[in-house]
Amino acid sequence: MEPACILVVEDNLADQYLFREGTKEAAQQVSLHFATNGEEALAFLRQQGCFSSSPRPDVVLLDLNLPLKDGREVLTEIKHDSQLKSIPVIVLSTSSNPEDRSTSYDLGAISYLVKPSDFNDYMALVKKTIDYCYELPSVKSP
């Protein structure tokens, strides 16, 4: 079975590192790809420029506070693009603001997760997120 392909859109290199480390202990294998800003994420998804041979992700994990295009703009563009709108998007943010959560769901996110500040809690969240990704109908089944 091929591992699920996950695009993590995250500008914080420390969070990228933590996500990589957390996947090492997950029950399921994943193929991780990273974009560090909103424009790069959309180029990856649309297979433009240096991403012309990028794989279509099974799931997008999207931070809200990104440079160039924020997560809300990226989510809006994904859900308005006929080629991309079927890709599930999970928002993974430091914001616990109910308005951010509500807006994300209104824009088409399937889940909204708040990044914990504790290392062990972050690792547990990554593992649970990977497991959750494998429960989605669009992701490869074992």
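Overview of values
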{"read-out": "Cβ-placed point charges (K, R +1; D, E -1), dipole of the chain about Cα centre in debye, nearest 20", "value": "380"}
{"read-out": "Contour minus Cα-Cα distance for Glu2 and Ser117 (0.36 nm per residue)", "value": "38.2 nm"}
{"read-out": "Bridge type composition, the chain - antiparallel percent by DSSP, nearest 5", "value": "0"}
{"read-out": "Mean separation of Cα contacts under 8 Å, 6 or more apart, over the residue count of the stretch 55-142: relative contact order %", "value": "28"}
{"read-out": "Reported label for calculated Cα extents along the principal axes in Å given [x] 41, 31, 24; [y] 38, 35, 27; [z] 45, 31, 31", "value": "[y]"}
{"read-out": "For the stretch 1-133: relative contact order, % (alpha-carbon pairs under 8 angstrom, 6 or more apart)", "value": "27"}
{"read-out": "Gyration tensor verdict on the stretch 1-57 (Cα atoms; rounded if a/c is under 1.5, prolate if a/b is larger than b/c, oblate otherwise)", "value": "oblate"}
{"read-out": "The chain - mean residue ellipticity at 222 nm from DSSP helices (-39,500 (n - 2.57) per run, n ≥ 4, rounded to 500)", "value": "-12500 deg cm²/dmol"}
{"read-out": "Per residue accessible area of the chain, 1.4 Å probe, in Å²", "value": "50"}
{"read-out": "Around Leu68: net Lys/Arg minus Asp/Glu count, Cβ-Cβ under 12 Å", "value": "-4"}
{"read-out": "Whole-percent carbon and sulfur share, accessible surface of the chain, 1.4 Å", "value": "48"}
{"read-out": "Neighbourhood charge, 10 Å Cβ-Cβ cut-off, centred on Gln83 and excluding it, Lys, Arg +1 and Asp, Glu -1", "value": "+2"}
{"read-out": "Label-to-label distance, nm, for residues given as Asn97 and Leu136 (7 Å Cα→Cβ offset)", "value": "2.4"}
{"read-out": "Residue-span extension gain [Ser82 to Ala14] - 0.36 nm each, minus C-alpha spacing", "value": "21.2 nm"}
{"read-out": "Helical segments meeting 30 Å axial Cα length and Kyte-Doolittle 0.5 threshold in the chain (DSSP H)", "value": "none"}
{"read-out": "Pairwise FRET efficiency - Ile110 versus Lys24, Cβ, R0 = 25 Å, nearest 0.05", "value": "0.50"}
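The values are calculated or read from the model by the stated rules, or taken from the named source; none is laboratory data. Just so you know, these numbers come straight off a predicted model, no measurement behind them. Ideal geometry is used to build each Cβ from the backbone, glycine not excepted, and the neighbour counts take in all protein chains shown. Remember, those area values only see protein heavy atoms, side chains included, never the ligands or the DNA or RNA. Shrake-Rupley method; radii C 1.70, N 1.55, O 1.52, S 1.80 Å.
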